[in-house]
1. Quick one: in the range 37-57, of everything that is among the polar types (S, T, N, Q) and loosely packed, with under 15 Cβ neighbours inside 10 Å, which residue is nearest to the chain's Cα centre (by Cα)?
2. Anything in the range 1-21 that is in a strand (DSSP E or B) and more than 19 Å from Lys107 (Cα to Cα)? List them, or say none.
3. What is the one condition in (1) over 22 Å from Glu71 (Cβ atoms); (2) part of a helix (DSSP H, G or I); (3) in contact (Cβ under 8 Å) with a residue 12 or more places away in the chain; (4) not acidic (Asp, Glu) that Gly24 does not satisfy?
4. Can Leu72 be described as closer than 20 Å to Leu114 by Cβ, in contact (Cβ under 8 Å) with a residue 60 or more places away in the chain and part of a helix (DSSP H, G or I)?
5. Take Gly103 and tell me if it is touching a strand residue (DSSP E or B) at 6+ places or on another chain (Cβ under 6 Å), surrounded by fewer than 17 Cβ atoms within 10 Å (Cβ to Cβ) and among the small types (Gly, Ala, Ser).
6. Right, Arg47: outside any strand (DSSP E or B), without any contact (Cβ under 8 Å) to a residue 24 or more places away in the chain and out of contact with any Asp or Glu (no Cβ under 8 Å at 6 or more places or on another chain) or not?
Amino acid sequence: MSEESAVCVLLADRHLGLREGVRGLLGTVFGTVVMVADASSLQETARRLQPDVAVVDLSLTRGSSLDWMLELHRSCPNVRLVVISVHDESAVLAAATAAGADGYVLKRDIGTDLLPTIDTLLASDAVDGSRTQQR
């Protein structure tokens, strides 16, 4: 079994069509892809599964608060968080990064950028050893 097929990915987006498409893409590489549609399910499932990677829509919650990222990292300190978004403004990217995003992929570029972004994050973990960074 390859290392990537043993990786657990948690995917969170409110839009079923997008979730299904991204799950199909992720499923070509990763052994376990679990989907959720809201912030409370994201937090509950993340605590239970302790995924290696979480791919989460920036607009998963209503409003502009990014507190869900802090909570996710509190309950899963080793998770690699990739935010997906329609927003390509540098201020949005900076806010997501400051709140704890490890990667940021525009939704229009998911097909070309999501897997390489995840691969880069996982490769850096393999080089650095177990991720123990606390937020």
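The values are calculated or read from the model by the stated rules, or taken from the named source; none is laboratory data. Remember, it's a predicted structure, so these values are computed and weren't measured experimentally. Cβ: placed from backbone, ideal geometry, glycine included. Neighbour counts: every protein chain shown.
1. Applying the filter and picking the extreme gives Gln50.
2. Selection gives Cys8 alone.
3. (3)
4. It is false that Leu72 is closer than 20 Å to Leu114 by Cβ, in contact (Cβ under 8 Å) with a residue 60 or more places away in the chain and part of a helix (DSSP H, G or I).
5. no
6. It is false that Arg47 is outside any strand (DSSP E or B), without any contact (Cβ under 8 Å) to a residue 24 or more places away in the chain and out of contact with any Asp or Glu (no Cβ under 8 Å at 6 or more places or on another chain).
The rows are residues; the columns are (1) exposed (fewer than 15 other Cβ atoms within 10 Å of the Cβ); (2) of a type in the set (A, V, I, L, M); (3) part of a strand (DSSP E or B); (4) at pLDDT below 95.
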| position | (1), (2), (3), (4) |
| --- | --- |
| Met35 | no, yes, yes, no |
| Ser59 | no, no, no, yes |
| Val92 | no, yes, no, yes |
| Ala95 | no, yes, no, yes |
| Gly111 | yes, no, no, no |
| Thr132 | yes, no, no, yes |
